[in-house]
Amino acid sequence: MIILQNSFENVTGLHEAVAYIFVFLFGSAVGSFLNVVIHRVPNEQSIVFPNSACPKCGIPIKPYDNIPLLSWLVLGGKCRNCRAPISARYPGVELITALLFLAVYYGIGFEPFLPVGFIFVSVMVALVFIDAGHMILPNVITYPLLIFALVVRIAFPLLLWSEYLPDFVNAPFTFMAGYPVWATSLAGALMGALAGGGSLWAVGEAWKRLRGVEAMGLGDVKMMLGVGAMLGWKLTLLSIFLAAFAGSIAGVIIIARQKRKDMQAQIPFGIFLGIGSIAALLYGDKLIAWYISNFIP
Ligand SMILES: [Zn+2]
């Protein structure tokens, strides 16, 4: 993904393992915050106030009982006060986020683009779990994602001359050869947004006309506008392909396990779009190169 890799070891003089431990702890702490986002944003509650409390007895959770991963294990998955069970989803989100942060650090390295990778996967984790729980992809997350992606696309080529994503600079815009890099980068973002949001919208519209059912929510379209602007058209189409592939496997399993075979299975597609987008960010270039070398004569 990245052409030039600074290493943490070179910059700080500390062993590379220290970086991985730090990234894991940082990821679990971000995961802890994402739990709050996942829990409160669908209910339109503030993510800042009040402090977390036990949903059963309402007793505020003490800081020492709010340590990512550890507290849940120490308390045996129960509230210290009323012993009500605490969902395994909480440490689950913390662990998933921590592992994704490790993968992002492994893929991007000690680079200026690293925080962008962290933010991108964090947003995907929040969207995946909110869609799984509520079948919605909130605008308060998808709109800022799009704005963030556009800002990154303009700012990175201006501040740091470097090719961070495969079509960050060179997009398929040979006619833009004389334009400044930020403009080409922005054009790549807009084309990515169009590829992501536009293709999903078109599929949804076609499905609606053919079958008369709403197949694609606008939330999915808005989510992929942001993903598209961030990743560019190639990786975005790959994200959608991976999502459709994983989603159809899941759909077949769900329908096969249903008692009534005629039911339309309702699957929150945002889950698969989120997973596909993370996979495309981390492994997209390798996947595309592998496909071209094996299947394109
Ligand atoms: Zn309690």
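On the phi > 0 side of the Ramachandran plot, in a helix (DSSP H, G or I) and at pLDDT below 95: which single residue out of Gly192, Gly232 fits that description? Residue meeting the stated conditions: Gly232. Being in a helix (DSSP H, G or I) and within 17 Å of Asp131 (Cβ to Cβ) is a description that does not apply to Ile288.
The set of residues in segment 205-236 being of a type in the set (Gly, Ala, Ser) and buried (at least 18 other Cβ atoms within 10 Å of the Cβ) consists of Gly217, Gly219, Gly226, Gly228, Ala229, Gly232. Of the helices (runs of 4 or more DSSP H) entirely within segment 17-135, those holding at least 1 residues that are within 16 Å of the ligand (Cβ to nearest atom) and open to solvent by less than 80 Å² (accessible area, probe 1.4 Å) occupy 70-74, 89-108.
The values are calculated or read from the model by the stated rules, or taken from the named source; none is laboratory data. Treat the numbers as computed from the prediction; the structure is a model and nothing was measured. Here the Cβ is made from the backbone with ideal geometry for all residues, glycine too, and neighbour counts use every protein chain on show. Side chains included, ligands, DNA and RNA excluded: accessible areas come from the protein's heavy atoms. Shrake-Rupley method; radii C 1.70, N 1.55, O 1.52, S 1.80 Å.
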